[in-house]
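The values are calculated or read from the model by the stated rules, or taken from the named source; none is laboratory data. Predicted, not measured: the structure shown is a model, and the values here were computed from it. Glycine also receives a Cβ, built like all others from the backbone with ideal geometry; neighbour counts cover every protein chain displayed. Heads up: the accessible areas ignore ligands, DNA and RNA and are worked out on the full protein's heavy atoms, side chains in. Shrake-Rupley method; radii C 1.70, N 1.55, O 1.52, S 1.80 Å.
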Amino acid sequence: MKLRLQKSPSVRRVSAMGMLVTLGIVFGDIGTSPLYVMKAVVGANPGFDADYIIGAVSCVIWTLTLQTTLKYVVIALRADNKGEGGILALYSLLRRGGPKWLYAVAAVGAAALVADGVITPAVTVTSAVEGLRAVNASLPVVPLVVAVISVIFLMQRAGTGSIGRLFGPYMLCWFLMLGIVGAFAIGSFPSVLKAFNPWYAVRVLVDYPGWFLVLGAVFLCTTGAEALYSDLGHCGRGNITVSWLFVKCMLILNYLGQGAWIVSSGGEVMDANPFYAIMPGWFLLPGIIMSALAAVIASQALLSGSFTIFSEAMGLDFWPRMRIRHTSEHRGQLYVPAVNWALYIGCVATVLLFRSSSRMEAAYGLAITIAMLMTTVLLAFYLRGRGTAGWLVTLFVCFFGALEGCFLAANMFKFTHGGWFTILIAGAVCAVMIGWRKAFRVRQSLLEYGKLADYAGIISDLKADREIPKYASNLVYLSSAPDDGTVESKIVYSIVNKRPKRADHYWMVHIDHTDAPDTLEYAVDEVVPETLFDVRMRIGFRVEPQVTVYLRQIVEDLVAGGRFNLTSGYPSLRRRGIPGDFHFIVIHRVFSPSSNCPPSTRRLMRLHSFLLRIGLPPEKAYGLDTSIVSREVVPLVINTAPGRRIRPVGS
């Protein structure tokens, strides 16, 4: 039997509307990279010549071809989990059969993406707003950037459902503008078209002693590739692939146009952003406004992606449960308030710390390079597990490992110039993810389980014992037992020993978070007829747990099938056909200071206890109606080392 999951209208088929939606959702980050890439290229070598610029543009073209097109569009988009993409969705495909240490790879990659979600809105909005200095040189950029960023984060409460339909047409205009303006600018130095020859890219890296600075600047052109993979579930592989062909052409035209202007303008370059300089004078102000709006859309896409990462992390036991609010019926449209405001603080701190886009570019790119390397590792295991020939997997790892290794080495030179900031953020998030997962595993390993059938007799006798006052008509426990037909010993202790609880019906509800993102189904085993029910809900890692709602639907199905009588067991209420009450019991296990365990385990348990305070309590995390929930606290004692035993005096 299955609960029905309402699905969003599909945009997975390749269609004009699907591709239009894809432009608005997927390509915001990579589509705004022309705002700062060529400016960073010039900053890497102020004494540039024509060969340097042609070589740098060639690096951009072939980075978009090899890194974005080949790795992500051609290969990664095929590694989907029931249509969903992203590094955590990829990990969920591997966690059953792959090496156990892959969880650390996934945690590092996800944390790096979160760090990217902090700095990308800051650098994108700042680059767009700085264009206004061409109109008014005395414009206070930082306050205006903070104001725009504040509006972006305030918008998250409403979700993108109402404004999402506007994103696609606008981004279509944006990419057309990039291509048209760039194409006209190529005429100022047609020889820039030599950049299509990869030899110029190789030569600039070999001849120029500061090759690492060039690669660090060039890498910024592909930073949106991970977001492209993460948005697979929203748009589908076909729409992303076809749309990318158009997007790539427009981006390359713009980069060629900027390169041509830089060579033809010479000394003027250091005082201007090439992106705005190639625009006609009459179009400058509209171009700046369009850039600001594109920056907002790019930031919106990254924030939505960050919410998805944390939602998946909660389902995969990488993060404590937090409040998730679905802003529409469309899959993936969700809002995590705590994450939103944490990212907001990070973005504002980035703006106040670096104060200009050129300084932010020094911090930009390092974290996302690490995320890309982690994706390469996971993709290698995925390809091997799908039967891909070993030599092809080896070629994949060697090629992209070397390519991304070069980018990482180049970006490491940014560490002291600001890269430390994103690494600090990524390191903090990664430490929480790994610490939470380890603590969760330790706690789970200490739980004792028994077969429900072994307790059928005592529970039946308890139900029939009129000397014990009735606790509730329906008593519901949340169980974490891993196997069907089993239950934690602490739950049985709560029912039988800790104030015996008599009820008409006992429900053991297990929640299994599945690797498939959108699973929502259940199975019911009637262990004792009309008395003891074992319910197992299978919930995908993208689905918000709402146990009270789902249990109500399950009971309705059982009543409709004649397997359950919902009427109250109290005689006065039964005569009037009033439904029985439901009471939930949540067992809260608190680490006991009397535990005899190594210091590392003790620190891990303290970290878990601290993180529980920033997360939601189980009754809220699982969508329980708090008016009918009781919490029972039990000690969690860890004894992994021999302890002393008290002795009688004189012995």
Legend entry - Where residue 262 falls short, out of the listed (1) farther than 23 Å from residue 363 by Cα; (2) touching a Gly at 6+ places or on another chain (Cβ under 6 Å); (3) buried (at least 23 other Cβ atoms within 10 Å of the Cβ): (2)
Legend entry - Conditions (1) under 30 Å from residue 604 (Cβ atoms); (2) open to solvent by 10 Å² or more (accessible area, probe 1.4 Å); (3) under 32 Å from the mean Cα position of the chain (by Cα): number failed by residue 518: (1)
Legend entry - Residues of segment 446-468 classified as in a loop (DSSP other than H, G, I, E, B), open to solvent by 60 Å² or more (accessible area, probe 1.4 Å) and more than 27 Å from residue 591 (Cα to Cα), total: 2
Inset, instruction - Please indicate, with yes or no, whether at least one residue in segment 93-109 is in contact (Cβ under 8 Å) with a residue 40 or more places away in the chain, more than 25 Å from residue 273 (Cβ to Cβ), surrounded by fewer than 23 Cβ atoms within 10 Å (Cβ to Cβ) and touching a strand residue (DSSP E or B) at 6+ places or on another chain (Cβ under 8 Å). - result: yes
Inset, instruction - Just one of (1) open to solvent by less than 30 Å² (accessible area, probe 1.4 Å); (2) within 31 Å of the chain's Cα centre (by Cα); (3) modelled with pLDDT of 80 or more; (4) not β-branched (Val, Ile, Thr) trips up residue 609, so point out which. - result: (1)
Inset, instruction - Please verify whether segment 501-515 includes one or more residues that are in contact with a Leu (Cβ under 6 Å, 6 or more places away or on another chain) and assigned to a helix (DSSP H, G or I). - result: no
Legend entry - Filter result for residue 71 (charged (D, E, K, R), in a helix (DSSP H, G or I) and at pLDDT 90 or above): yes
Inset, instruction - State which residue is farthest from the chain's Cα centre (by Cα) when the search covers only segment 195-209 and only residues that are of a type in the set (Phe, Trp, Tyr) and closer than 15 Å to residue 63 by Cβ. - result: 200
Legend entry - First in segment 357-370 and under 14 Å from residue 121 (Cα atoms), second anywhere and of a type in the set (Phe, Trp, Tyr) and assigned to a helix (DSSP H, G or I), Cβ under 6 Å, 6 or more apart: 360/354; 363/421; 365/219
Inset, instruction - State all residues of segment 574-597 that are open to solvent by less than 60 Å² (accessible area, probe 1.4 Å) and either in a loop (DSSP other than H, G, I, E, B) or charged (D, E, K, R) (or both); if no residue qualifies, say none. - result: 577, 580, 589, 592, 595, 597
Legend entry - Failed item, numbered, when residue 312 is tested on (1) within 30 Å of residue 520 (Cα to Cα); (2) at pLDDT 85 or above; (3) open to solvent by less than 40 Å² (accessible area, probe 1.4 Å): (2)
Inset, instruction - Go through the residues of segment 427-445 one by one and say whether even a single one is in contact (Cβ under 8 Å) with a residue 24 or more places away in the chain, under 29 Å from residue 562 (Cα atoms) and part of a helix (DSSP H, G or I). - result: no
Inset, instruction - Within segment 469-491, count every residue that is assigned to a helix (DSSP H, G or I) and either among the acidic types (Asp, Glu) or open to solvent by 20 Å² or more (accessible area, probe 1.4 Å) (or both). - result: 2
Inset, instruction - Please specify each residue of segment 390-426 satisfying the condition of being outside any helix (DSSP H, G or I) and open to solvent by 40 Å² or more (accessible area, probe 1.4 Å). - result: 413
Inset, instruction - Please specify each residue of segment 232-243 satisfying the condition of being touching a Leu at 6+ places or on another chain (Cβ under 8 Å) and surrounded by fewer than 24 Cβ atoms within 10 Å (Cβ to Cβ). - result: 237, 241
Legend entry - Unmet criterion (only one of (1) loosely packed, with under 15 Cβ neighbours inside 10 Å; (2) in contact with a Phe, Trp or Tyr (Cβ under 6 Å, 6 or more places away or on another chain); (3) of a type in the set (Ser, Thr, Tyr)) for residue 369: (1)
Inset, instruction - Using the structure shown, decide if residue 228 is surrounded by 21 or more Cβ atoms within 10 Å (Cβ to Cβ) and under 29 Å from residue 414 (Cα atoms). - result: yes
Inset, instruction - Could you check, for segment 331-347, whether at least one of its residues is at pLDDT 90 or above, part of a helix (DSSP H, G or I), under 24 Å from residue 222 (Cβ atoms) and among the hydrophobic types (A, V, I, L, M, F, W, C)? - result: yes
Inset, instruction - Answer yes if at least one residue in segment 39-62 is of a type in the set (Lys, Arg), surrounded by 21 or more Cβ atoms within 10 Å (Cβ to Cβ), in contact (Cβ under 8 Å) with a residue 40 or more places away in the chain and under 29 Å from residue 265 (Cβ atoms), and no otherwise. - result: yes
Inset, instruction - Could you please give the count of residues in segment 524-573 that are assigned to a loop (DSSP other than H, G, I, E, B), open to solvent by 50 Å² or more (accessible area, probe 1.4 Å), in contact (Cβ under 8 Å) with a residue 40 or more places away in the chain and under 16 Å from residue 505 (Cβ atoms)? - result: 1
Legend entry - Residue satisfying condition, being touching a residue at least 12 places away in the same chain (Cβ under 8 Å) and in contact with a Cys (Cβ under 9 Å, 6 or more places away or on another chain), within set 212, 283: 212
